[in-house]
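Only one structure is covered here, and it is reproduced in the block below.
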Amino acid sequence: MADEVMEGGCACGRVRFKAKIANDDAYLCHCRMCQRATGSVSIAFKNVKAADVTWGSPPDRYDSSPIARRPYCRECGTSLGFIFKEGSENMDLTVASFDDPSRFKPRHHFGVESLHRAWLNTEGLPEHRTSDHQPLVDKWIETTGSVPD
Ligand SMILES: [Zn+2]
């Protein structure tokens, strides 16, 4: 399959990227540092060659540890990825920051020493659509006149 260029960015749209994507492989990182960095029980990452990523407007970056940096947006706070300071030509982009994250499939778990197993298989739990939650729909209508897709 030929490489495809996929786009993504942060929630407010200030930071944008294009990445050359060779396959659908992605993974979940459960390490404590990723949990802290994103406020999530795990984070879905797509590993790519750093040279295959171009930033429309460059992300902010912070040192998340002595060995790594994380690109993010200082305006809206979106976590955009992970990159080692040295020794790797690859980096991670957060799967959900792609405009269409739907093609990626989880292929393995990483950082499983801090994996929260209760959150792993949530299949079968009750499912609710955002648009069926009337108080939230009312807030959107009241504030903007419509409900976002
Ligand atoms: Zn932003």
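Taken over segment 102-116, the criterion of being open to solvent by 90 Å² or more (accessible area, probe 1.4 Å) and in a helix (DSSP H, G or I) is satisfied by GLU113 alone. Number of residues in segment 98-113 that are closer than 15 Å to LYS20 by Cβ and more than 13 Å from the chain's Cα centre (by Cα): the value is 1. Residues satisfying the criterion are present in segment 8-16 (criterion: in a loop (DSSP other than H, G, I, E, B), closer than 15 Å to LEU93 by Cβ and open to solvent by less than 40 Å² (accessible area, probe 1.4 Å)). Can LYS49 be described as under 19 Å from THR78 (Cβ atoms) and open to solvent by 40 Å² or more (accessible area, probe 1.4 Å)? No; evaluated as a whole, the condition is false for this residue. With respect to (1) more than 21 Å from the chain's Cα centre (by Cα); (2) among the polar types (S, T, N, Q); (3) open to solvent by 90 Å² or more (accessible area, probe 1.4 Å), the lone exception for ASN121 is condition (1). Among the candidates GLY56, GLY87, GLY9, the residue that is at pLDDT below 95 and touching a Phe, Trp or Tyr at 6+ places or on another chain (Cβ under 7 Å) is uniquely GLY56.
Checking each residue in segment 90-115 for being of a type in the set (Asp, Glu) and either in contact with a helix residue (DSSP H, G or I) (Cβ under 9 Å, 6 or more places away or on another chain) or free of Cβ contacts under 8 Å to residues at least 24 places away in the same chain (or both) picks out only GLU113. Only residues that are touching a residue at least 24 places away in the same chain (Cβ under 8 Å), open to solvent by 40 Å² or more (accessible area, probe 1.4 Å) and in a strand (DSSP E or B) were counted across segment 55-89, and they come to 3.
The residues of segment 1-39 that are within 15 Å of the ligand (Cβ to nearest atom), within 15 Å of the chain's Cα centre (by Cα) and touching a residue at least 12 places away in the same chain (Cβ under 8 Å), listed by number, are GLU7, GLY8, GLY9, CYS10, ALA11, CYS12, VAL15, ARG16, PHE17, THR38. Across segment 23-41, the number of residues qualifying as open to solvent by less than 30 Å² (accessible area, probe 1.4 Å) and more than 20 Å from ARG61 (Cβ to Cβ) comes to 2.
The values are calculated or read from the model by the stated rules, or taken from the named source; none is laboratory data. Worth saying up front: this structure is predicted, and the values here are computed from it rather than measured. Because the Cβ atoms are built from the backbone with ideal geometry, glycine has one as well, and the counts that use them run over all protein chains shown. Surface areas here come from the heavy atoms of the whole protein model, side chains and all, with no ligands, DNA or RNA. Shrake-Rupley method; radii C 1.70, N 1.55, O 1.52, S 1.80 Å.
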